[in-house]
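Below is one structure, written out as structure tokens; the observations come after it.
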Amino acid sequence: MLNFECKHCRKPISTDTVYMGDLIECPSCSSAEIVPEVPYPAGTEYDSYLIQELYASDQLWTSYRVEKIGTTSNTPLLLKIPTQFFIKHVTNINAFADATLRYGNLLRPEYPRIIDKSLNTTPIYFVFDYIPTTHGLRFFAKIECVDILKIVKGIAVALKDAWEKQMTLHQALTPQNIRITDEQGVRIYNLGLSQTLLADHALLDWGFNIWDARYMSPEFMQHGIANTPACDIYSLGGILFYLLTGHHPYETVNPADIAKIATPDPLMHNRNISPEVLSLFSIMMNQDANVRLHSWNDVVKNLNSIIGTTQKSGNKTQFLDRYIKSATSKHQKNEEAFAKSTSHKKVFHKNTKKQEKPQKSAKRLIFKTDTKRKKIDKIHSTWK
């Protein structure tokens, strides 16, 4: 028997392992729950690879750090296996495999490189090179301004190259798909898979979702329009917000209401943001696609300008301590509330839940930072 916890009511659920990857109903609250997979323990031989540890897991992949059996180098590799939920409900596995192969052969250090694959096994699997990384963006704390901008620039340069060489968009750019190497380089996962997955309507009908409404541009979320870099630039603006504040954009907003309200204000969480950085964020994550920056060249150019200015001025101001917010009950409740509102639903949906009222202190914080706001229009005029 397999025992796991309902994500909605936190009550225990028991079922047979044969149902791993199936969608079942919680007997306590009647919510739809995916039966999780039991990960392979360390020391398990999987085909010709020895599993060292579980690396990550989501609706699409279960990933392990592995070593090749029979070699003396002991070079760590990354084994990525599609989940049972995905395998049981995908209708075009070949299109998915082709998209994964394209993503794994971009030959840039920001993208994992495919070392091996098996397309004839069930399930199929891919083996990528492995570069030691941190646990991801959410584990960063006390990041200096210039380091934040360099991380964002690294992501922008990699996505610029993918667009210019292969006309490839990410369309699902979130902190979960970004990891940072020990040298503060970036690793970007799942590039180019979104379009293939969105085309599989049967898969979406089963509740498959790798997208996060908090990082999706309004035109993408409402109308499915995401055919230029503008959609990824919006998402990168959301990542910049996250690095500056330690909070997701629209953290407490119902997904259906995101397109109806103004772009979130990072000054609500961090009053130490310079007018130049604030202006760059506001023009990257602008709700209006016509106002938003839509060229990677413009994004990189302006990042270079701000980085140069920051380094010359010797600005070493520490941003707010961003210790792991999920460890606090308040942040955890926000994450759980958002997960409930999007779990096993299509990305594009309607909901009538009203937006939560801002805290009383919000008005006071905005008033204190209003002097910075007056400089924004002047800075914007130089970036168009």
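The values are calculated or read from the model by the stated rules, or taken from the named source; none is laboratory data. All values derive from a computational prediction rather than experimental measurement. All Cβ positions, even for glycine, are placed from backbone atoms using ideal geometry, and neighbour counts span all protein chains on display.
Looking at the range 261-300 only, could you name the residues that are assigned to a loop (DSSP other than H, G, I, E, B), of a type in the set (Ser, Thr, Tyr) and under 21 Å from the mean Cα position of the chain (by Cα)?
The answer is Thr263, Ser295.
What do you reckon, is Met167 out of contact with any strand residue (DSSP E or B) (no Cβ under 7 Å at 6 or more places or on another chain), without any contact (Cβ under 8 Å) to a residue 24 or more places away in the chain and not acidic (Asp, Glu)?
yes
Out of the residues in the range 78-94 that are surrounded by fewer than 18 Cβ atoms within 10 Å (Cβ to Cβ) and in contact (Cβ under 8 Å) with a residue 40 or more places away in the chain, state the one that is nearest to Asp129 (Cα to Cα).
Out of the qualifying residues, it is Ile87.
Out of Ile34, Ile13, which single residue is of a type outside the set (Gly, Ala, Ser), in contact (Cβ under 8 Å) with a residue 24 or more places away in the chain and buried (at least 16 other Cβ atoms within 10 Å of the Cβ)?
Only one candidate passes the filter, namely Ile34.
Could we say that Ser48 is within 17 Å of Ile124 (Cα to Cα), more than 22 Å from the chain's Cα centre (by Cα) and exposed (fewer than 15 other Cβ atoms within 10 Å of the Cβ) here?
yes
Quick check, is Arg102 under 30 Å from Lys160 (Cβ atoms), modelled with pLDDT under 95 and outside any loop (DSSP other than H, G, I, E, B)?
yes
Restricting attention to the range 194-225, and to residues there that are farther than 28 Å from Gln84 by Cβ and part of a loop (DSSP other than H, G, I, E, B), which single residue is modelled with the highest pLDDT?
Only one residue fits best here, namely Ser217.
Restricting to the range 226-260, count the residues that are of a type in the set (Asp, Glu) and either within 15 Å of Ile148 (Cα to Cα) or in a loop (DSSP other than H, G, I, E, B) (or both).
Residues in the range 226-260 being of a type in the set (Asp, Glu) and either within 15 Å of Ile148 (Cα to Cα) or in a loop (DSSP other than H, G, I, E, B) (or both): 1 in total.
With the requirement that a residue be out of contact with any Phe, Trp or Tyr (no Cβ under 6 Å at 6 or more places or on another chain), of a type in the set (D, E, K, R) and outside any strand (DSSP E or B), what does the range 153-184 give you?
Selection gives Lys153, Asp161, Glu164, Lys165, Asp182, Glu183.
So, in the range 193-203, how many residues would count as being farther than 21 Å from Trp163 by Cα and either surrounded by 18 or more Cβ atoms within 10 Å (Cβ to Cβ) or among the small types (Gly, Ala, Ser) (or both)?
3
Could you grab me the full set of residues in the range 104-119 that are polar (S, T, N, Q) and closer than 13 Å to Ile81 by Cα?
Within the range 104-119, just Ser118 meets the criteria.
Looking at Ala162, Ala97, Ala158, can you tell me which residue is hydrophobic (A, V, I, L, M, F, W, C), surrounded by 21 or more Cβ atoms within 10 Å (Cβ to Cβ) and touching a Leu at 6+ places or on another chain (Cβ under 7 Å)?
Ala162
Name the residue, out of Ile87, Ile115, Ile93, that is touching a strand residue (DSSP E or B) at 6+ places or on another chain (Cβ under 6 Å) and β-branched (Val, Ile, Thr).
Ile115
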